[in-house]
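The values are calculated or read from the model by the stated rules, or taken from the named source; none is laboratory data. These numbers were taken from a predicted model, which means no experiment stands behind them. Here the Cβ is made from the backbone with ideal geometry for all residues, glycine too, and neighbour counts use every protein chain on show. Please note that ligands, DNA and RNA were not included when accessible areas were found on the heavy atoms of the full protein model with its side chains. Shrake-Rupley method; radii C 1.70, N 1.55, O 1.52, S 1.80 Å.
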Amino acid sequence: MVMEYNFILAHYNYWAVMLLMAVGFYVVVSRGNLIKKIVGLNMFQVSVFMLYISIGKVTDGTAPILTGKTEVFSNPLPHVLILTAIVVGVATTAIGLALAVRIHESYGTIEEDEILVIDRTLEQQDARAQ
Amino acid sequence: MIEGLTPELALGLTLLLPGLGALVIGVADRFPNIRETASLLIATALCGTVVWLLMNYLAGATAQLRVVQMLPGLPISFFVEPIGLIFALVASALWIVITVYSIGYMRSKNYPHQTRFYICFALAMASTMGIAFAGNMITLFLFYEMLTLSTYPLVLHHETDAAKRGARIYISVLLTTSILFFLPAIVWTWWIAGTLDFTPGGILTGKIEGPQAAILFALYLFGAGKAALMPFHFWLPAAMVAPTPVSAFLHAVAVVKAGVFTVLKVGIYIFGVGFLSETHASEWMIWVAAVSLIIASFVALRKDELKARLAYSTIAQLAYVTLGVSLASVMGMVGGVLQLVAHALGKITLFMCAGAIYVASGKRNISEMRGLGRLMPFTFGAFLLAALSIIGIPPSGGAWSKWFLMIGAADSGQQVMIGVWMLSSVLSVAYLIPVVARGFFLPLQGEKDRPQPQGQEVSTISQLRVREAPLWCVVPACITGVLSVLIYFVGPAIAEFVLPVLGP
Amino acid sequence: MRHHIILRIAAQLLIPPILLFALYVQFHGDFGPGGGFQAGVIFAAGLVLYGLVYGVAEIHRVAPTHVAMKMMAIGLLIYIGVGFAGLGLGGKYLDYNVLLHDPMAGQHLGIFLVELGVGITVASTMLVIYQCFSEHQSRDLADDEW
Amino acid sequence: MMLAHLPVLEVLVPLAAAPLCALLRRPLLAWGVVMASTTFALGGSLVLLFQVLSNGVISYHIGDWAPPWGIEFRLDAANSFVLVLVSLVGTMCAIYGRKSVEREISPEAQPLFCTLLLLCFAGMLGVTSTGDAFNLFVFLEISSLSTYVLVAMGASRDKRALTAAFTYLLVGTIGATFYVIGLGLVYALTGTLNMADMALRITDIGDSSTLRVGFAFIIIGFGLKLAIFPLHQWLPNAYTYAPSMVSAFLAGTATKVAVYASLRFLYTVFSPNLHFDAQVLQTLFLPLGLAAIFVASGVAIFQSNIKRLLAYSSVAQVGYILVGVSFANITGLTATFLHLFNHAIMKSGLLLAVGCVVYRTGSCSISTFRGLGHRMPWTMAAFVIGGLSMIGIPATVGFISKWYLVLGALERGWWPVAFAMVAGSLLALIYFGRIVEAAYLQPSPEGNKVTEAPLSMLAPLWVLTISCLALGINSEFTVSSARAAANALFFDPHPGLSMQVGP
């Protein structure tokens, strides 16, 4: 029992990541508002950033600069990777928001169910044009 | 011999000439006379080339041609062998006849899109030549599909709703069977045998056995949907919407013959007669073919439209070939080859006659053809000759094929089949002869039905304005009609010719 | 925003240090934490703050979108150009050692230029994103809506 | 000098050309840059392929940092083949694009369109050439992000492009993020990002639950990107409403690159020797592939928008590719690579033909195809050939693919699968039959003055169509390259570290 408790505690970063990931994913799937979807997507992505950053941390580790005093180094690579991933995330968010704005302009709404109704009427118009 | 013409070159020419023809016809779109002269010239040249190849072959010079590697280890290749030569000869000779006939028919009917018609005809002929001289299964398959595609516009020619429906059935059945059964069969063969070259004695010996061989054989037979084995026969009646020259061409020369030719090739060069009879791989197909044969004959009996009746007759007659191959005996195969020749001549005549009757009188149904024979004696005479050949009464071409098939059946111990043939012969008498009999012996339609105006003697004949069909239509029919009888005298020679490749 | 004197003054005080800090992060990047990405974002944040406080029209005047878009491309071209320079001087792509006669100096120059390119691109991209979105606003917000 | 740096120039020239386009004002100049750089990429990829086929693996170390620390561009037969595919389709679409895009996008936006196109193109080339797993993610996102915008640019014709792009963005980002999660787990376990190095360490580690979870995330991530059957919902709309030229470009390349990437992971990083890897192939890819073939083809039959029809057909074709992968034998893998290539040629050709119709008529519903057989004979002839190829008629590339797929199924003894595949291709007969009948048999509407598409659009269309025929009649080049690609993945999971084994 104690073992399991320790196991759970020792992996707290993974639990946090999983929780965030699940929440973010759930928001993307369940919310009809496009902006909320993007927020969810961001949470989802951030959870992954956390995963990388947390596994890059080494207890008592320092920055990998050779000074001759320390022997334990944290791995800088995950942080660098995540820097790139953050940039990608920002770009994604920007495009997503831009699309949401354009959708709002042409559909007059950013609620998914209302957009679907409009799309369906458009499809029926197409079918009638045949 | 012609200077500079090697057998290889001639072999290439047989494939290129029709293609060239299509090109010339396309260019001469605006000039019907040039277009049709070109068609005729190309057809004649093609037939000449095939005859030249035949003479060379008889003199001992074979030819082989490898073009490109379609798949690694599987080139597109051609070679000259007896059965292919016979098929090519029949097809190219009949192409001349059918071209002459088409010119008469199409002009008298004044159909649109005649250029497209002749182009597709030439392309179909090129595909037929490719099938005839294919050196391996993949080449045959390639041209088999080309034939399907190039004849699709022909079936569709009228572009009416009925034509669309017919063409749709035509192409979907042929493509479906070929892709669903034929292609897997070929891949399977390639996988187990490592080759697809047509080899006398077959390539499968020792590579496959038992029920698997039977399944593979069935895949080939059903896959060659052009052979119209039941239950994949219904494209044939559906394709009847095409103009008569097309029907004649499809049913007698190119398409169905390509189907049964494929079946023959599979039986002889892929499985091999010996292998087939050892494994009994083809035994159950005998029954499929026999059932197909009998049912088709009965259906033919019930059809009133002449072309539909002929179509079902074709299904029955093609089943003869399938049956002959399935018997897995040398004589059965010989019978199949002879049937291919005899039926081609006979059926083309019957169709041309049907077309001639339609051109002259506008009648399609047999019940309306009473007495027409007396007005169109040549047409009905040719019809009678061809009918005799189809039925198999000596001395006509069909007699030999039936004879060899029966010997084949006896050889492989399938005496029941002899009974089947007798039954089917009786049936074919029943569905073919009444047409002629009505034509010659019953009074003209209208002689009795029409209330005669009192005190006036009006000739119903002049009323109907029925005369013999145009010369362009009748002469080809008469020629092939006579040929279908004369073929009787070369039957044994053909048998001699093909025997060497059938194995011991 | 004209009446929000506190905000305006605070912004006036804040913006120059923000921009300066961005430059520090940019050019100190190869010695300490920092680099083009961070510097670019900080620099853009300063400009965005300016735009927020002084209005959309003003930020367009100070940093026109079309210029910013050019800068995006130019920054990227600097980055790729450094890589090609390495190629041209006989090294591999993005090989800084060959940029100058001394490999150490080459490394410095290479990373400096690359980070500069990144910084320019990131800053101008963030700015363009802000400008594009703010353009879509139909009216300026009234004071009491803040 | 040039030749030694070709692996990286291949990606960098389009990548450098992209910002250059953004600086240009004139659409014509921008298109010139696009054409020049794609053509360069095509030539370069061919050179690379021949180099790889004759000399073996090429490895390029960026910044002269040796792998596994530095980023490595590693070209073996598998990815250089995919490079040829992507750059061929890209070049043809670029040549075609100038006229086509002129109609659909305003002149001011065209240089930016070119920028995005080149970014997308370079991203795909990068995904294909890189040997570094994280670099792959970056390139994947470069191409995906630009793809979302390219799709959204169809909004000038139809606003549904916006929602299509949005859905695509959500799905694509989730897919990419899944990949990053999986990669993070594998990285945590192996401590390396170089794929070849990763493969070695995974072999040492053997089975572990972290590895399994990472594997699952990676495969599902790519599954979203390549529109594996139940995850394909984003694809039809994205292809339908994107500008014609973008549809053609994406159909030929986007899913293909994702398939390549997942193959790289299935075979190189995780080798099928791992128990769970082989299991995925059979229990996941096979049924999903077959389901895709039948469901997507079935849906395609009922579409009246031709672009949407072709999009569903693409989903079905991905099904074929997955079935080929699931055979897990060398023939199946050869078939997969062949079909990647062949499908790219024919589907891009078909969509380019549809693009010609859209250019002239402004619509791509089946009713606008009425009578086009006589009005746009060249376009429709190319369309018919493409359709025949999709059905699998011999003398087209579709037949070659089908041949190897059936052969692969037979080698596994999977009879029903072989039949299911050929039966599935018959569904294509139905939906292409409908279009062909409309084009050739129905009269064109009254007063229809549609004429043939301009030459600059017909030329690339016919290049693809003729290669569809030529490579169908003589398949030596494609089959030998595909076989080399399959060998590279199948027998040589750790290229450069083990001896080359071949049949």
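Taking D:Gly408 and the conditions (1) among the small types (Gly, Ala, Ser); (2) crowded, with 23+ Cβ neighbours inside 10 Å; (3) away from chain B (no Cβ under 11 Å), which numbered condition does it fall short on, given that it satisfies the others?
The single condition D:Gly408 does not satisfy is (3).
Within the stretch A:98-109, work out how many residues are touching a helix residue (DSSP H, G or I) at 6+ places or on another chain (Cβ under 6 Å) and closer than 23 Å to C:Val128 by Cα. Explain how you work it out, then say what you get.
Keep residues of the stretch A:98-109 that are touching a helix residue (DSSP H, G or I) at 6+ places or on another chain (Cβ under 6 Å), which gives A:99-100, A:102-103, A:107.
With the extra rule that they be closer than 23 Å to C:Val128 by Cα, the set shrinks to A:99-100, A:102-103.
Selection size over the stretch A:98-109: 4.
Restrict the check to the stretch A:28-36 and report whether at least one residue is surrounded by 14 or more Cβ atoms within 10 Å (Cβ to Cβ), β-branched (Val, Ile, Thr) and modelled with pLDDT of 85 or more.
Within the stretch A:28-36 (the criterion being surrounded by 14 or more Cβ atoms within 10 Å (Cβ to Cβ), β-branched (Val, Ile, Thr) and modelled with pLDDT of 85 or more), the answer is yes, since at least one residue qualifies.
Helices (runs of 4 or more DSSP H) wholly in the stretch D:232-303 with at least 1 residues that are of a type in the set (Phe, Trp, Tyr) and touching a residue at least 24 places away in the same chain (Cβ under 8 Å) - which ones?
Working: elements: D:234-241, D:244-263, D:275-279, D:286-291, D:297-301.
Fully inside the stretch D:232-303 and qualifying: D:234-241, D:244-263, D:275-279.
Checking C:Ala39 against (1) away from chain D (no Cβ under 14 Å); (2) open to solvent by 30 Å² or more (accessible area, probe 1.4 Å), which single condition isn't satisfied?
Against the list (1) away from chain D (no Cβ under 14 Å); (2) open to solvent by 30 Å² or more (accessible area, probe 1.4 Å), C:Ala39 comes up short only on (2).
For the stretch B:70-80, how many residues are open to solvent by less than 20 Å² (accessible area, probe 1.4 Å) and either in a loop (DSSP other than H, G, I, E, B) or in contact with a helix residue (DSSP H, G or I) (Cβ under 7 Å, 6 or more places away or on another chain) (or both)? Explain how you work it out, then say what you get.
The initial filter retains those residues of the stretch B:70-80 that are open to solvent by less than 20 Å² (accessible area, probe 1.4 Å), namely B:70-71, B:74-78, B:80.
If we keep only those that are either in a loop (DSSP other than H, G, I, E, B) or in contact with a helix residue (DSSP H, G or I) (Cβ under 7 Å, 6 or more places away or on another chain) (or both) too, we end up with B:70-71, B:74, B:76-78, B:80.
Within the stretch B:70-80, residues that are open to solvent by less than 20 Å² (accessible area, probe 1.4 Å) and either in a loop (DSSP other than H, G, I, E, B) or in contact with a helix residue (DSSP H, G or I) (Cβ under 7 Å, 6 or more places away or on another chain) (or both) number 7.
Among the residues of the stretch D:424-445, count how many are open to solvent by 10 Å² or more (accessible area, probe 1.4 Å) and under 29 Å from D:Glu476 (Cβ atoms).
Filtering the stretch D:424-445 down to residues open to solvent by 10 Å² or more (accessible area, probe 1.4 Å) leaves D:426-427, D:429-430, D:433-434, D:436-437, D:440-445.
Right, trim to under 29 Å from D:Glu476 (Cβ atoms) and you get D:426, D:429.
Here the count works out to 2.
Any chance the stretch B:107-116 includes a residue that's open to solvent by less than 10 Å² (accessible area, probe 1.4 Å) and either more than 24 Å from D:Leu388 (Cα to Cα) or at pLDDT 85 or above (or both)?
Step one: filter the stretch B:107-116 for residues open to solvent by less than 10 Å² (accessible area, probe 1.4 Å), giving none.
No: zero hits.
Please note which helices (runs of 4 or more DSSP H) are completely contained in the stretch B:347-412 and include at least 3 residues that are touching a Gly at 6+ places or on another chain (Cβ under 6 Å) and either open to solvent by less than 50 Å² (accessible area, probe 1.4 Å) or without any contact (Cβ under 8 Å) to a residue 60 or more places away in the chain (or both).
Working: elements: B:372-375, B:377-391, B:397-411.
Because the criterion is at least 3 residues that are touching a Gly at 6+ places or on another chain (Cβ under 6 Å) and either open to solvent by less than 50 Å² (accessible area, probe 1.4 Å) or without any contact (Cβ under 8 Å) to a residue 60 or more places away in the chain (or both), the helices (runs of 4 or more DSSP H) in the stretch B:347-412 that meet it are B:377-391, B:397-411.
Check D:Leu116, D:Leu162 and return the single one that is farther than 19 Å from A:Ile82 by Cβ and within 9 Å of chain A (Cβ to nearest Cβ).
Values: D:Leu116 fails: within 9 Å of chain A (Cβ to nearest Cβ).
That would be D:Leu162, the only listed residue that is farther than 19 Å from A:Ile82 by Cβ and within 9 Å of chain A (Cβ to nearest Cβ).
Of all residues in the stretch C:70-87, count the ones that are more than 17 Å from the chain's Cα centre (by Cα), facing chain D (nearest Cβ under 9 Å) and either among the aliphatic types (A, V, I, L, M) or open to solvent by 60 Å² or more (accessible area, probe 1.4 Å) (or both).
The initial filter retains those residues of the stretch C:70-87 that are more than 17 Å from the chain's Cα centre (by Cα), namely C:80-87.
Checking which are facing chain D (nearest Cβ under 9 Å) leaves us with C:80-81, C:83-84, C:86-87.
Filter again for either among the aliphatic types (A, V, I, L, M) or open to solvent by 60 Å² or more (accessible area, probe 1.4 Å) (or both), leaving C:80, C:84, C:87.
Qualifying residue count for the region: 3.
I'd like the full set of residues that are more than 14 Å from chain C (Cβ to nearest Cβ), of a type in the set (Ser, Thr, Tyr) and more than 19 Å from D:Gly131 (Cβ to Cβ), limited to the stretch D:1-54.
D:Thr38, D:Thr39, D:Ser54
Considering only the stretch C:89-118, how many residues are among the small types (Gly, Ala, Ser) and open to solvent by 60 Å² or more (accessible area, probe 1.4 Å)? Walk me through how you get there before you give the answer.
Our first condition is that a residue be among the small types (Gly, Ala, Ser); within the stretch C:89-118, this holds for C:90-91, C:105-106, C:110, C:117.
Subset that is open to solvent by 60 Å² or more (accessible area, probe 1.4 Å): C:90.
Counting residues in the stretch C:89-118 that are among the small types (Gly, Ala, Ser) and open to solvent by 60 Å² or more (accessible area, probe 1.4 Å) gives 1.
Does B:Val67 satisfy being in contact (Cβ under 8 Å) with a residue 12 or more places away in the chain and either surrounded by fewer than 17 Cβ atoms within 10 Å (Cβ to Cβ) or closer than 23 Å to B:Tyr118 by Cα (or both)? Quick ask: steps written out before the conclusion?
Values: in contact (Cβ under 8 Å) with a residue 12 or more places away in the chain: no; either surrounded by fewer than 17 Cβ atoms within 10 Å (Cβ to Cβ) or closer than 23 Å to B:Tyr118 by Cα (or both): yes.
Taking the combined requirement at face value, the residue does not satisfy it.
Here are some residues: B:Ala134, B:Ala122. Which one is in contact with a Gly (Cβ under 9 Å, 6 or more places away or on another chain) and closer than 19 Å to B:Ala22 by Cβ?
On the way: B:Ala134 fails: closer than 19 Å to B:Ala22 by Cβ.
Step by step, each of B:Ala134, B:Ala122 is checked, and only B:Ala122 is in contact with a Gly (Cβ under 9 Å, 6 or more places away or on another chain) and closer than 19 Å to B:Ala22 by Cβ.
From the residues in the stretch D:159-186 that are of a type in the set (A, V, I, L, M), open to solvent by 10 Å² or more (accessible area, probe 1.4 Å) and within 23 Å of the chain's Cα centre (by Cα), which one is nearest to A:Leu99 (Cα to Cα)? Lay out the reasoning, then the answer.
The initial filter retains those residues of the stretch D:159-186 that are of a type in the set (A, V, I, L, M), namely D:161-162, D:164-165, D:169-171, D:174, D:176, D:180-181, D:183, D:185-186.
Narrowing the set further to residues that are open to solvent by 10 Å² or more (accessible area, probe 1.4 Å) leaves D:170-171, D:174, D:185.
Within this subset, residues satisfying the condition of being within 23 Å of the chain's Cα centre (by Cα) are D:170-171, D:174.
On the way: D:Leu170: 11, D:Val171: 14, D:Ile174: 17 Å.
Taking the candidates together, the pick is D:Leu170.
Take the residues in the stretch A:112-130 that are more than 7 Å from every other protein chain (Cβ to nearest Cβ) and surrounded by 16 or more Cβ atoms within 10 Å (Cβ to Cβ), then tell me which one is modelled with the highest pLDDT.
Restricting to residues being more than 7 Å from every other protein chain (Cβ to nearest Cβ) and surrounded by 16 or more Cβ atoms within 10 Å (Cβ to Cβ), the top hit is A:Ile118.
Are any residues in the stretch D:128-142 open to solvent by less than 10 Å² (accessible area, probe 1.4 Å) and within 18 Å of D:Ser37 (Cα to Cα), and if so, which ones?
The answer is D:Thr128, D:Ser129.
Considering each residue of the stretch B:26-69, count those that are more than 14 Å from every other protein chain (Cβ to nearest Cβ) and either closer than 30 Å to D:Tyr404 by Cβ or outside any loop (DSSP other than H, G, I, E, B) (or both), and give that number.
At the first step, the residues of the stretch B:26-69 found to be more than 14 Å from every other protein chain (Cβ to nearest Cβ) are B:27-28, B:30-65.
Within this subset, residues satisfying the condition of being either closer than 30 Å to D:Tyr404 by Cβ or outside any loop (DSSP other than H, G, I, E, B) (or both) are B:27, B:32-58, B:64-65.
Residues in the stretch B:26-69 being more than 14 Å from every other protein chain (Cβ to nearest Cβ) and either closer than 30 Å to D:Tyr404 by Cβ or outside any loop (DSSP other than H, G, I, E, B) (or both): 30 in total.
Please work out which one of (1) buried (at least 18 other Cβ atoms within 10 Å of the Cβ); (2) modelled with pLDDT under 80 is the condition D:Leu464 fails and give its number.
(2)
Please return the ranges of helices (runs of 4 or more DSSP H) entirely within the stretch B:137-202 where 3 or more residues are surrounded by fewer than 19 Cβ atoms within 10 Å (Cβ to Cβ). Before you say what the answer is, go through the steps one by one.
Details: elements: B:137-155, B:161-177, B:183-193.
The helices (runs of 4 or more DSSP H) meeting that bar are B:161-177.
Going by the structure shown, is B:Ser108 of a type in the set (S, T, N, Q), touching a residue at least 60 places away in the same chain (Cβ under 8 Å), farther than 22 Å from B:Asp197 by Cα and touching a Ser or Thr at 6+ places or on another chain (Cβ under 8 Å)? Even if it seems obvious, please write down each step before you answer.
Numbers: of a type in the set (S, T, N, Q): yes; touching a residue at least 60 places away in the same chain (Cβ under 8 Å): yes; farther than 22 Å from B:Asp197 by Cα: yes; touching a Ser or Thr at 6+ places or on another chain (Cβ under 8 Å): no.
It is false that B:Ser108 is of a type in the set (S, T, N, Q), touching a residue at least 60 places away in the same chain (Cβ under 8 Å), farther than 22 Å from B:Asp197 by Cα and touching a Ser or Thr at 6+ places or on another chain (Cβ under 8 Å).
Okay, residues lined up against (1) in contact (Cβ under 8 Å) with a residue 12 or more places away in the chain; (2) assigned to a helix (DSSP H, G or I); (3) under 19 Å from D:Leu9 (Cα atoms):
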| residue | (1), (2), (3) |
| --- | --- |
| C:Pro33 | no, no, no |
| C:Gly40 | yes, yes, no |
| C:Gly51 | yes, yes, no |
| C:His66 | no, yes, no |
| C:Tyr79 | yes, yes, yes |
| C:His108 | yes, yes, no |
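Within the stretch B:308-329, identify whether any single residue is open to solvent by 10 Å² or more (accessible area, probe 1.4 Å), part of a helix (DSSP H, G or I) and closer than 20 Å to B:Val90 by Cβ, and answer yes or no.
Checked the stretch B:308-329: no residue is open to solvent by 10 Å² or more (accessible area, probe 1.4 Å), part of a helix (DSSP H, G or I) and closer than 20 Å to B:Val90 by Cβ.
Residues D:Leu125, D:Leu189: which one is within 12 Å of chain A (Cβ to nearest Cβ) and either assigned to a helix (DSSP H, G or I) or buried (at least 23 other Cβ atoms within 10 Å of the Cβ) (or both)? Lay out the reasoning, then the answer.
Details: D:Leu125 fails: within 12 Å of chain A (Cβ to nearest Cβ).
The conditions single out D:Leu189.
Restricting attention to the stretch B:248-265, does a residue exist that is open to solvent by less than 10 Å² (accessible area, probe 1.4 Å), not basic (Lys, Arg) and not in a helix (DSSP H, G or I)?
Step one: filter the stretch B:248-265 for residues open to solvent by less than 10 Å² (accessible area, probe 1.4 Å), giving B:248-265.
Now drop any that are not not basic (Lys, Arg), which leaves B:248-256, B:258-264.
Those left that are additionally not in a helix (DSSP H, G or I): B:254.
Yes, there is a match, as at least one residue in the stretch B:248-265 is open to solvent by less than 10 Å² (accessible area, probe 1.4 Å), not basic (Lys, Arg) and not in a helix (DSSP H, G or I).
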